[in-house]
Every structure is written in C-alpha cells, then in structure tokens.
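Quick notes on the structure that follows.
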Amino acid sequence: MATSLTPVLHLVTCGSVDDGKSTLIGRLLAETGSVPGDQLEYARQTRRGGSTIPVGGIDFSLLTDGLEAEREQGITIDVAYRHMNLPNGRRVLIADAPGHEQYTRNMAVAASNGDVAVLLVDAARGVRKQTHRHLTVCALMGVKTVVIAVNKMDLIDYDRGTFEQLVEEIKATASRLGVPQVVAIPLSAFAGENVTAASTTMPWYDGPHLLEFLSAWVPLADTTSSTFRFPVQFVVRAEGNFRGYAGTVVAGEISPGDEITVADSGRTAIIDRIVTYEKDLAKAVAGQAVTLTLDHEVDVTRGDLLAASGPDLVQPADRFGADLVWLGEEPLAHGRSYLLVSGSRSVPATVTSVRFQLDVESGFEHAARLLNMNDVGRVEIATDKPIPMDPYALCRDTGGFLLVDRVTADTVAAGLVRHVMRRAFNVVPHTYDVDREARVRLMGHGGKVAWLTGLPGSGKSTIADATVARLHAMGVHTYVLDGDNVRTGLNKDLGFTPEDRAENVRRVAEVGKLMSDAGLVVLVALVSPYRGDRAAARELFSEGEFLEVYVDTPVEVCAERDPKGLYAKAAAGNLPNMTGRGQVYEVPEHPDLILHGTGDLDATVEQLAKAILGE
Amino acid sequence: MTELAVPYIAVLDELEAEAIHIYRETAAAFRNPVLLYSIGKDSSVLLHLALKAFAPAPLPFPVMHIDTTWKFREMIEFRDLRAEQLGLDLRIAKNEAAIAEGVSPFTHGTHEYTRLMKTVALREGIDKFGFDAAIGGARRDEERSRAKERIFSLREPGHRWDPRKQRPEFWRTANTTLSEGQSMRVFPLSNWTELDVWRYIEREVIPIPSLYLAKPRPVVERDGVLIMVDDDRFPLREGEQAQMRSVRFRTLGCYPLSGAVESTADTIADLIAEMESSNVSERAGRLIDGEGGSSMESKKAEGYF
C-alpha cells in the first residue's frame with residue numbers, strides 16, 4: 001500500500017533533565033500508549049524526594065530514567081533508544097541524548113540518524129550555551145528539521161513576548177548553521193500543554209502541538225541525493241550459478257534494465273533482477289534491503305558501491321576534506337594510520353592535517369593541531385586506496401564514515417565528508433618497464449626492509465651498523481635509515497609528540513619502500529614506539545618484504561648505556577617526551593624476530609642477517 | 001481495524017529491512033558467526049529474517065541452542081522439526097558439568113540456575129565452536145535497562161560486558177573490528193516491539209510452538225503464578241494437583257520458570273487483540289528477572305544474553 005508518510009520517524013531529543021526532558025518524553029510515551037501499564041502504575045505510585053506531583057498523578061520522568069546500577073556503571077551518559085506509536089500508525093524511534101555539557105559525542109550519535117530534532121529550552125532560564133551546542137551538532141550531523149520546544153511556559157505565565165524573543169535568538173543561530181526547517185512550540189511538559197493536546201492557556205499560539213507536528217511531519221522537498229546508491233554488503237552465491245549482490249538501497253531507486261556503474265572500478269552493467277525471498281521486484285527504493293543481479297559478469301566485491309551511471313557519477317578519490325567528531329580517549333594523531341569504515345567498506349586512512357577546530361558553542365573556528373575527545377574539527381584525510389564517497393550533505397550513508405583504531409579496534413571518530421579533494425583518476429601511477437623483477441635480476445637479490453624497533457639505547461643502531469657491514473661484505477646492496485640521522489634532514493620539521501612520531505614513521509616507511517623497490521636491503525633503526533604506526537608501515541610492503549625486529553633490552557640497561565645522554569636528561573626532567581620515561585613504548589605483539597640487545601653482538605648480527613637473507 | 005494513515009505493514013517493512021541489513025553485515029564481517037536460537041517467538045522471527053537475508057542461498061552460518069534440559073518438551077520437538085525442515089546446521093550447547101551435578105530449577109535458586117544452565121552454557125558453547133559473533137533476539141522494549149543496548153554489542157575477553165567499551169553507533173555503519181579475545185553480540189530486532197513480533201509472525205505466517213496459543217494444559221498455581229506440569233520431574237507439593245486450565249505462554253523458557261496466563265486466545269489474531277487490550281510488560285511473567293532489583297544488569301555483565 002502506498003503511503004506518503006514516512007512510516008518510521010527518527011527523532012533525536014536534546015536537552016538536559018533540568019529542562020524537563022524526561023518529563024516531556026515520559027508524557028509523550030504515556031499519552032500515546034507506548035509504555036506498558038505496569039510501568040505506568042509504577043510511575044503513578046512512586047515519588048522522588050521533593051516531588052510536587054499530587055497523589056494519583058504520574059511522575060512522567062520516572063518512565064525514562066535508567067536503573068540505579070546503570071548510573072553506577074556510568075552509562076546514564078549514553079544514548080537511550082525508545083519507541084513511540086503515534087495515533088496515525090507512524091512509529092517514532094527516539095534517540096535520547098544526554099544533556100550534560102561535555103557529551104558532544106553522544107549528541108552526535110543520536111543526531112546521526114535523526115530526521116527531526118526536538119531541542120528543549122527552559123523558558124524560565126532562556127537560551128543557554130548548550131542550546132547552541134545542540135543546534136550546532138544537529139546541523140553538523142544533517143538533521144533537517146529542528147523543533148524548538150520551549151518548555152516550562154507555565155513558569156513564565158505563558159508569556160508570548162518571552163517566547164518570541166527566545167525563539168528569535170535561536171532561529172538566528174539555526175539560520176547561520178543552515179538548518180533548513182525550524183519550528184517553535186511553546187509548551188509545558190509538566191502541565192501537559194501543547195504536548196499531545198492543544199493548549200487552552202496560550203490562545204496566541206495557533207501552530208500545531210508537538211504530537212500533531214510529529215504525526216504530520218514530511219521530509220522537506222529533497223535536498224539529499226536521489227541518485228541511486230547501493231553499497232554491496234554481501235555476495236550471494238547459490239545453486240544454478242546464481243550470483244547476486246546483497247545490500248540496502250541508501251539513496252534513489254533502481255529497476256531491472258537500469259544501467260549502473262561499479263563506482264570503484266568504473267565498470268558498467270545492466271540490472272537484470274531485483275531478488276527478494278518472496279519474489280522479484282519491479283523496483284527497489286531507498287531503505288529496501290534487496291539482492292541485485294547483473295546482466296553480465298563484472299568484478300564486484302563487498303564494499304564496492306553500485307551507483308547510477310551518468311554525468312554525476314561518484315568517482316573514487318583518495319583525499320577528502322572532512323569534519324570529525326572525535327570520540328576516542330586518546331587524541332587524534334596526524335600521520336597515524338586508522339581504519340576508515342564507511343558502510344561495508346573499510347580502508348586504511350591517515351589524517352594529514354587539522355585545518356581548524358570548531359567551537360560548538362560560539363561557532364568560531366580555532367586553529368588547532370590536535371582533536372581531543374568531544375572536539376569537532378575540519379581535517380584532511382588521505383586513504384590508502386581511492387574510494388568513491390559522496391559529500392555528507394548529499395547522502396549520510398555514503399558520505400559518513402568511522403575512524404577505527406587499528407590496535408584497540410575502538411571507534412575513535414565519526415567523519416563527515418565535506419569535499420572530495422583529489423579525484424584519483426587525475427593521478428594514474430605510471431607503470432615502468434624496468435620493474436622490481438628486472439632489478440632483482442641485475443642486482444642478484446631483491447629489496448627488503450628490516451625494521452628495528454626498541455627503546456632508546458637498546459642497541460638498534462649498533463646492531464644495524466654491524467649487520468650492514470656483514471651483508472655488504474657478502475655483496476648485498478644495503479642502506480641504513482637511522483632515526484636520528486633522518487631527523488637532521490627529511491624529518492627535521494618533526495618533533496616528538498605522538499602525532500609527529502607517527503608522521504616520522506610514515507615518512508621513513510615510505511622512503512624504505514622506495515629503496516626496497518630499487519632493490520636495496522634497508523635496515524631501519526627507529527624507536528617507533530606505537531604499534532599502530534608500525535602496523536601502518538608494514539602495510540606498505542608485500543608479504544615477506546618487511547621484517548619487524550624487536551630489539552629487546554631491559555630499560556635499566558638502556559639507561560645505564562645512555563649513549564646520547566637522553567636518560568640523564570629525562571631524569572633531570574628536561575625531556576618530557578622520552579620513550580620509556582614520559583611516553584610509553586608499546587612492545588610488539590608478534591614481531592618477526594626478537595633480538596636481545598644484551599647478547600653477544602656477533603651472534604645477534606648472525607641471527608638478523610640470516611633472517612634478512614631468508615635462511 | 002480502522003485504516004491508519006501509516007499502515008502497520010509499512011512499519012514492519014522498514015523494521016524487516018533494517019534487520020536484514022544487520023544480518024548481512026554480520027555474515028560478511030565476522031569470521032564465524034552463529035544464530036542463537038532459543039525456539040521462542042523472537043527466535044522464530046529471527047530465523048525467518050535470516051532466511052530472507054541470504055535467499056536464494058541457504059543460511060551461511062550455524063544455529064546454536066542453549067539447552068538447559070528443562071525446556072518444554074514441545075519446544076525441543078519443534079526445534080528438531082524446524083532444523084530438519086530447513087536443513088539447519090544445529091549445534092546444541094549444554095552445561096554438562098552442571099547437568100551431571102543434578103542442577104535444576106528446584107534444587108537451585110533461579111539466579112544460580114540461570115547462571116549455570118544458560119550463561120555458563122552459552123559462554124562454553126561460544127568458546128567451544130570458536131564463534132566470534134552471536135546473533136540474538138533481544139529487543140530494546142523488553143526492559144528499561146535495554147534502552148541503551150547497542151545493535152552490535154561488544155564483549156571483552158571472557159564474554160564480559162563493559163559498558164564503557166560499547167561503541168557509538170552511527171548511521172547504518174557498524175565497526176565490526178575485533179581485537180584479540182573480543183567477540184560481538186548482534187541484535188537485529190533491537191528496534192522491534194513485542195507487538196511488532198506478533199504482527200510479523202501473523203503477516204509472514206511463521207511457524208511457532210503452539211504453547212503461545214491458549215489450550216487446556218495441566219497447571220499448578222504457586223505464589224500466584226501458573227506453572228505447567230510438563231513432565232514427571234515436576235515435584236508436586238503436598239496436596240498439590242495439576243488442574244486443566246486454558247492457558248498460553250507469553251515467553252517460553254524452562255517450563256518450571258515460565259508463568260502461564262489464563263487465556264482463550266487460540267489464534268494469533270486473538271492473541272494480538274488480547275495483547276493490545278492488556279498492555280503489561282512482557283517480562284512480568286518471567287520468573288528469572290524477579291530476583292533482585294536490577295538483576296538483568298548483573299546477569300548481562302556475567303555474559304547472559
């Protein structure tokens with residue numbers, strides 16, 4: 001049956017308990033019959049200290065409050081998801097974001113799926129900093145409709161002037177942020193005015209009450225993409241040579257006979273069938289989960305994007321300008337490799353620069369080098385391989401992404417593509433005739449990188465030096481990339497913060513890669529304290545081309561040796577970023593080789609040389 | 001039923017599409033996922049959705065039942081029948097040690113019984129088969145404490161649920177990466193309500209155990225709860241005698257722990273009508289949740305689903 005009303009409305013509610021948010025949501029749920037009778041009875045019979053609700057009345061705020069245990073576990077600050085059934089049959093999924101000042105991240109989560117935001121403002125207290133923050137985050141995350149619910153009108157005698165003044169101020173901010181639709185409703189959640197029934201105390205207001213608005217809401221004339229987008233989740237293979245691509249249509253629509261392009265490769269095909277469990281469909285629209293078959297065999301794998309062919313075809317790129325909401329406890333590190341996850345796609349990516357940090361209360365952009373938890377900022381991102389992404393404003397699913405820490409697997413940021421900066425089609429690697437194999441034939445051996453990691457003073461340079469001497473005598477072409485030496489030239493612009501260390505590692509790895517391609521055996525002697533950075537380095541190389549070698553020397557021995565006087569300086573408090581002192585050294589979990597820096601040098605060199613030569 | 005501006009079918013379609021999306025993501029992203037099948041109505045819907053998600057291919061992962069050995073007899077018959085009909089790769093996990101010790105709902109408190117026969121058995125089953133993702137039928141409307149549960153709910157080594165490690169969920173994009181020792185619980189029905197489940201069963205004509213529908217059954221009344229005497233392991237108290245009453249079950253589990261409700265609803269349409277008029281929390285009839293104020297929370301921290 002066709003319907004013009006979106007069946008499920010995703011609502012985000014923002015505001016704090018002080019604004020009367022629990023009472024508002026509780027009343028909406030109770031008066032739409034969306035809570036079980038026994039829970040309602042509980043809210044009728046339970047009273048908190050200081051409650052002014054008369055006997056027999058319902059404390060609506062109790063319907064949404066978490067459990068005691070939950071509060072102790074610290075998850076009351078988390079987004080809560082509830083459902084509400086509207087009288088016209090529409091389902092509302094409420095993502096309820098906590099209101100506390102510092103939880104921008106939770107607001108962002110709740111707003112990420114939101115069609116409509118209800119922003120609570122306390123009429124008696126007026127517009128506050130958090131009001132601006134909530135608006136900013138809603139706008140950032142692409143919420144198109146904001147309902148300013150001016151609550152506690154009963155406390156200001158339902159005064160029209162105060163209401164209008166307040167709304168004007170908020171609307172100015174919303175307009176600066178580019179929120180397309182803003183409506184304001186004066187209400188009292190406590191007294192039940194304009195929540196699920198029209199108010200009789202505010203005859204000057206002739207707009208809809210909240211429930212009425214939510215029931216009748218229709219998406220704005222579309223600002224988002226209506227061009228077909230289909231990220232492939234799963235390749236379905238079945239009897240009779242069946243091969244189909246399963247996924248959800250995230251934008252636009254598709255019918256058999258339509259031409260699509262695999263945006264990743266540029267290959268085209270015609271849609272043959274739209275398969276579902278019951279029957280084939282004549283058309284699939286945004287939101288439907290289907291399986292598509294193509295008229296001929298094309299290389300398509302999980303993560304690929306099927307898109308409508310045509311002039312506005314989305315093209316792969318490997319540089320993006322994006323807004324990040326930083327979620328991780330550890331700050332963003334430039335140059336560190338994260339996993340970029342968008343829909344079913346995942347690809348290593350690096351944040352190459354932070355352009356500014358956004359003050360979500362004032363709207364100002366500040367210069368910044370770092371993003372900390374709950375910060376929002378504009379960055380440049382480089383992906384390891386070109387991927388087709390849309391601007392977030394066109395499509396949330398193909399323009400939004402997560403950054404995942406490669407060691408802890410935590411989600412550390414949510415990203416929103418703002419600009420596609422470099423179409424990879426403009427940069428086509430040239431293939432040269434004299435290739436790696438040709439060089440192997442000439443030199444008699446292939447290139448390789450042995451990456452020596454360990455504490456300062458563990459013996460990396462000494463071991464590298466002696467090993468190279470041994471290999472050289474055997475006729476092997478070698479080079480040493482020594483951390484300190486590289487820092488006097490190529491990397492002299494870098495310091496010792498975690499993000500600079502990540503960039504240091506990245507550059508050394510790239511140079512090592514070039515040298516290895518040229519046929520050299522490269523020994524890298526670099527503290528490289530972070531696992532994530534070393535993992536990113538390894539990723540540049542093919543299997544067997546990279547050896548992670550852990551030079552394991554007790555820190556006391558390193559401090560005793562202290563060839564560069566670093567430990568002495570650190571002890572004197574003059575070297576806050578010293579690895580093993582002020583900064584942590586993350587011991588390799590699965591190194592290819594462990595060398596003991598306290599062992600006999602000859603034997604150690606022998607061990608390393610053998611590993612390099614593959615003996 | 002009066003014609004609504006938004007027909008119920010449209011809401012179900014959207015919930016169905018969301019669940020299918022979650023299924024496909026799970027099957028593709030994890031090395032060795034499993035569908036936890038508890039034979040109840042939610043599991044029946046879950047299984048049906050899984051068949052839909054991968055059609056025309058068969059289910060790409062096995063199905064595991066945590067058997068406490070105290071399930072209703074009909075449940076086990078139903079399980080084996082469905083497994084055969086659908087050609088499922090059915091794995092059964094039991095806490096053999098506890099069974100050997102004679103642990104039963106009558107010898108142990110419900111909390112300890114549940115911990116041993118369900119929580120421990122589940123953990124052992126997951127470890128034994130090396131599953132890295134377990135798909136279950138939990139819904140956010142079941143209990144207030146579930147309102148904050150994720151769709152992809154992370155478990156630390158040892159199946160521990162750490163609220164602080166739960167990942168923020170944006171759009172349809174899930175971070176399914178696991179670090180050493182972690183595993184995932186996946187809940188495709190998170191946004192469904194109990195009524196959605198029943199309406200979907202009705203619409204899709206999904207087979208369910210007949211225990212959900214009213215029929216005269218032998219029951220005894222204990223502390224105001226009607227318990228069905230499903231087999232002769234049920235120790236009748238002095239003077240107690242099973243009576244035939246027309247009852248149905250709102251949730252199915254271990255028969256000595258499942259409270260029956262008096263009802264004459266013997267079709268799904270009747271059952272839905274009865275539910276719409278009564279409007280009582282689903283877990284009210286479940287005996288295991290009753291012990292202690294926030295026992296659901298503590299069970300979850302231990303690894304209960």
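Which of the residues belonging to the stretch B:28-46 are within 10 Å of chain A (Cβ to nearest Cβ) and surrounded by fewer than 22 Cβ atoms within 10 Å (Cβ to Cβ)? Lay out the reasoning, then the answer.
At the first step, the residues of the stretch B:28-46 found to be within 10 Å of chain A (Cβ to nearest Cβ) are B:28-29.
If the condition is that a residue be within 10 Å of chain A (Cβ to nearest Cβ) and surrounded by fewer than 22 Cβ atoms within 10 Å (Cβ to Cβ), then B:Ala28 is the only one that fits.
May I ask you to list pairs of residues, at least six apart or on different chains, whose Cβ atoms are under 8 Å apart, with the first in the stretch A:557-575 being at negative phi and the second being of a type in the set (Asp, Glu) and not in a loop (DSSP other than H, G, I, E, B)?
Every condition considered, the pairs that remain are A:Lys564/A:Asp484.
What tally of residues in the stretch B:95-140 results from selecting those that are closer than 20 Å to B:Arg185 by Cα, part of a helix (DSSP H, G or I) and small (Gly, Ala, Ser)?
Final tally of qualifying residues: 2.
A:Leu494: free of Cβ contacts under 8 Å to residues at least 40 places away in the same chain and under 24 Å from A:Thr350 (Cβ atoms), yes or no? Walk me through it before giving the result.
On the way: free of Cβ contacts under 8 Å to residues at least 40 places away in the same chain: yes; under 24 Å from A:Thr350 (Cβ atoms): yes.
Against the criterion (free of Cβ contacts under 8 Å to residues at least 40 places away in the same chain and under 24 Å from A:Thr350 (Cβ atoms)), A:Leu494 qualifies.
For every residue, the table says whether it meets (1) outside any loop (DSSP other than H, G, I, E, B); (2) in contact (Cβ under 8 Å) with a residue 40 or more places away in the chain; (3) away from every other protein chain (no Cβ under 14 Å).
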| position | (1), (2), (3) |
| --- | --- |
| A:Val341 | yes, yes, no |
| A:Ser346 | yes, yes, no |
| A:Ser353 | yes, no, yes |
| A:Phe356 | yes, no, yes |
| A:Ala368 | no, no, yes |
| A:Met373 | no, yes, no |
| A:Gly377 | yes, yes, yes |
| A:Pro386 | yes, yes, yes |
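Quick check, is A:Ala284 more than 27 Å from the chain's Cα centre (by Cα), over 16 Å from A:Val235 (Cβ atoms), crowded, with 17+ Cβ neighbours inside 10 Å and without any contact (Cβ under 8 Å) to a residue 60 or more places away in the chain? Outline the logic, then answer.
Working: more than 27 Å from the chain's Cα centre (by Cα): yes; over 16 Å from A:Val235 (Cβ atoms): yes; crowded, with 17+ Cβ neighbours inside 10 Å: yes; without any contact (Cβ under 8 Å) to a residue 60 or more places away in the chain: yes.
In short, yes.
Do we have any residue at all in the stretch A:201-215 that's touching a strand residue (DSSP E or B) at 6+ places or on another chain (Cβ under 7 Å), surrounded by 17 or more Cβ atoms within 10 Å (Cβ to Cβ) and within 14 Å of chain B (Cβ to nearest Cβ)?
The answer is yes, given that some residue of the stretch A:201-215 is touching a strand residue (DSSP E or B) at 6+ places or on another chain (Cβ under 7 Å), surrounded by 17 or more Cβ atoms within 10 Å (Cβ to Cβ) and within 14 Å of chain B (Cβ to nearest Cβ).
Tally the residues that are out of contact with any Phe, Trp or Tyr (no Cβ under 8 Å at 6 or more places or on another chain) and closer than 30 Å to B:Tyr23 by Cα, restricting the search to the stretch A:345-380. Before you say what the answer is, go through the steps one by one.
Within the stretch A:345-380, the first condition is being out of contact with any Phe, Trp or Tyr (no Cβ under 8 Å at 6 or more places or on another chain), and the residues that meet it are A:345-347, A:352-357, A:359-364, A:369-370, A:379.
If we keep only those that are closer than 30 Å to B:Tyr23 by Cα as well, we get A:345-347.
Counting residues in the stretch A:345-380 that are out of contact with any Phe, Trp or Tyr (no Cβ under 8 Å at 6 or more places or on another chain) and closer than 30 Å to B:Tyr23 by Cα gives 3.
Are any residues in the stretch A:141-181 more than 29 Å from the chain's Cα centre (by Cα) and farther than 24 Å from A:Pro203 by Cα, and if so, which ones?
Across the stretch A:141-181, the qualifying residue is only A:Ala172.
Taking the criterion of being within 14 Å of chain B (Cβ to nearest Cβ), part of a strand (DSSP E or B), crowded, with 20+ Cβ neighbours inside 10 Å and over 15 Å from the mean Cα position of the chain (by Cα), would at least one residue in the stretch A:395-403 satisfy it?
Just the residues of the stretch A:395-403 that are within 14 Å of chain B (Cβ to nearest Cβ), to begin with: A:395-403.
Now restrict to residues that are part of a strand (DSSP E or B): A:400-403.
Next, only the ones that are crowded, with 20+ Cβ neighbours inside 10 Å stay: A:400-403.
Now drop any that are not over 15 Å from the mean Cα position of the chain (by Cα), which leaves none.
No: zero hits.
Among the residues that make up the stretch B:194-211, is at least one of them within 14 Å of another protein chain (Cβ to nearest Cβ), without any contact (Cβ under 8 Å) to a residue 12 or more places away in the chain and outside any loop (DSSP other than H, G, I, E, B)?
Checked the stretch B:194-211: no residue is within 14 Å of another protein chain (Cβ to nearest Cβ), without any contact (Cβ under 8 Å) to a residue 12 or more places away in the chain and outside any loop (DSSP other than H, G, I, E, B).
Among what's in the stretch A:334-369 and is basic (Lys, Arg) and more than 15 Å from the chain's Cα centre (by Cα), pick the residue that is modelled with the lowest pLDDT. It would help to see each step written out before you state the result.
Pass one, the stretch A:334-369, residues basic (Lys, Arg): A:336, A:345, A:355, A:369.
Remaining after also requiring more than 15 Å from the chain's Cα centre (by Cα): A:355, A:369.
On the way: A:Arg355: 86, A:Arg369: 83.
Checking each candidate, the answer is A:Arg369.
Among the residues in the stretch B:132-141, are any more than 17 Å from the chain's Cα centre (by Cα), touching a residue at least 60 places away in the same chain (Cβ under 8 Å) and surrounded by fewer than 21 Cβ atoms within 10 Å (Cβ to Cβ)? Break it down into steps so the answer makes sense when it comes.
Initial filter on the stretch B:132-141 (more than 17 Å from the chain's Cα centre (by Cα)): B:132.
Then keep just the ones that are touching a residue at least 60 places away in the same chain (Cβ under 8 Å); that gives B:132.
So of that shortlist, the ones also surrounded by fewer than 21 Cβ atoms within 10 Å (Cβ to Cβ) come out as B:132.
There is at least one residue in the stretch B:132-141 that is more than 17 Å from the chain's Cα centre (by Cα), touching a residue at least 60 places away in the same chain (Cβ under 8 Å) and surrounded by fewer than 21 Cβ atoms within 10 Å (Cβ to Cβ).
So the check is Cβ under 8 Å with 6+ separation or different chains; which pairs have a first residue in the stretch A:23-51 that's in contact (Cβ under 8 Å) with a residue 12 or more places away in the chain and a second one that's hydroxyl-bearing (Ser, Thr, Tyr) and assigned to a helix (DSSP H, G or I)?
Listed pairs, sorted by first residue: A:Thr23/A:Ser61; A:Gly26/A:Ser61.
Given the conditions (1) surrounded by fewer than 24 Cβ atoms within 10 Å (Cβ to Cβ); (2) out of contact with any helix residue (DSSP H, G or I) (no Cβ under 8 Å at 6 or more places or on another chain), report the number of the one that A:Val147 does not fulfil.
Here A:Val147 clears every test but (2).
So which residues in the stretch B:62-81 are surrounded by 20 or more Cβ atoms within 10 Å (Cβ to Cβ) and either among the basic types (Lys, Arg) or part of a loop (DSSP other than H, G, I, E, B) (or both), if there are any at all?
At the first step, the residues of the stretch B:62-81 found to be surrounded by 20 or more Cβ atoms within 10 Å (Cβ to Cβ) are B:63-68, B:70-72, B:75, B:78-79.
Matches in the stretch B:62-81: B:Asp67, B:Thr68, B:Trp70, B:Lys71, B:Phe72, B:Arg79.
I'm checking my understanding of the structure. Among residues of the stretch B:174-193 that are of a type in the set (S, T, N, Q) and over 15 Å from B:Ala19 (Cβ atoms), which one is farthest from the other protein chains (Cβ to nearest Cβ)? Before the answer, list the steps.
Filtering the stretch B:174-193 for residues of a type in the set (S, T, N, Q) gives B:175-177, B:179, B:182-183, B:190-191, B:193.
Next, only the ones that are over 15 Å from B:Ala19 (Cβ atoms) stay: B:175-177, B:179, B:182-183.
On the way: B:Asn175: 5, B:Thr176: 8, B:Thr177: 4, B:Ser179: 4, B:Gln182: 7, B:Ser183: 12 Å.
The residue in question is B:Ser183.
Only one of (1) surrounded by fewer than 19 Cβ atoms within 10 Å (Cβ to Cβ); (2) part of a strand (DSSP E or B) is not met by A:Leu595, so which one is it?
(1)
Going through A:Asp295, A:Asp304, A:Asp323 one at a time, which residue ends up being of a type in the set (Asp, Glu), within 30 Å of A:Thr497 (Cβ to Cβ) and modelled with pLDDT of 90 or more? Explain how you work it out, then say what you get.
On the way: A:Asp295 fails: within 30 Å of A:Thr497 (Cβ to Cβ); A:Asp304 fails: within 30 Å of A:Thr497 (Cβ to Cβ).
So the residue among A:Asp295, A:Asp304, A:Asp323 that is of a type in the set (Asp, Glu), within 30 Å of A:Thr497 (Cβ to Cβ) and modelled with pLDDT of 90 or more is A:Asp323.
Restricting to the stretch B:47-61, give me the number of residues that are within 7 Å of chain A (Cβ to nearest Cβ) and either of a type in the set (Val, Ile, Thr) or closer than 13 Å to A:Glu278 by Cβ (or both). Please lay out each step first, then the result.
If we filter the stretch B:47-61 for residues that are within 7 Å of chain A (Cβ to nearest Cβ), which is where we start, we get B:51-52, B:54-57.
Filter again for either of a type in the set (Val, Ile, Thr) or closer than 13 Å to A:Glu278 by Cβ (or both), leaving B:51-52, B:55-56.
Final tally of qualifying residues: 4.
Residues B:Met228, B:Met184: which one is touching a residue at least 60 places away in the same chain (Cβ under 8 Å), aliphatic (A, V, I, L, M), within 27 Å of A:Ala80 (Cα to Cα) and touching a strand residue (DSSP E or B) at 6+ places or on another chain (Cβ under 7 Å)? Before the answer, list the steps.
Values: B:Met228 fails: within 27 Å of A:Ala80 (Cα to Cα).
The unique qualifying residue is B:Met184.
Taking B:Gln241 and the conditions (1) surrounded by fewer than 17 Cβ atoms within 10 Å (Cβ to Cβ); (2) in contact with a Pro (Cβ under 6 Å, 6 or more places away or on another chain), which numbered condition does it fall short on, given that it satisfies the others?
Unmet for B:Gln241, out of (1) surrounded by fewer than 17 Cβ atoms within 10 Å (Cβ to Cβ); (2) in contact with a Pro (Cβ under 6 Å, 6 or more places away or on another chain): (2).
Go through (1) modelled with pLDDT of 95 or more; (2) assigned to a helix (DSSP H, G or I); (3) of a type outside the set (D, E, K, R) one by one and return the number of the condition A:Ala117 breaks.
If we test A:Ala117 against (1) modelled with pLDDT of 95 or more; (2) assigned to a helix (DSSP H, G or I); (3) of a type outside the set (D, E, K, R), just (2) comes out false.
Quickly run through the stretch B:8-57 and pick out the residues that are within 20 Å of B:Leu90 (Cβ to Cβ), among the small types (Gly, Ala, Ser) and assigned to a helix (DSSP H, G or I).
B:Ala27, B:Ser43, B:Ser44, B:Ala50, B:Ala53
The values are calculated or read from the model by the stated rules, or taken from the named source; none is laboratory data. Worth saying up front: this structure is predicted, and the values here are computed from it rather than measured. Neighbour counts are summed over all protein chains in view; Cβ atoms, including those assigned to glycine, are modelled from backbone coordinates with ideal geometry.
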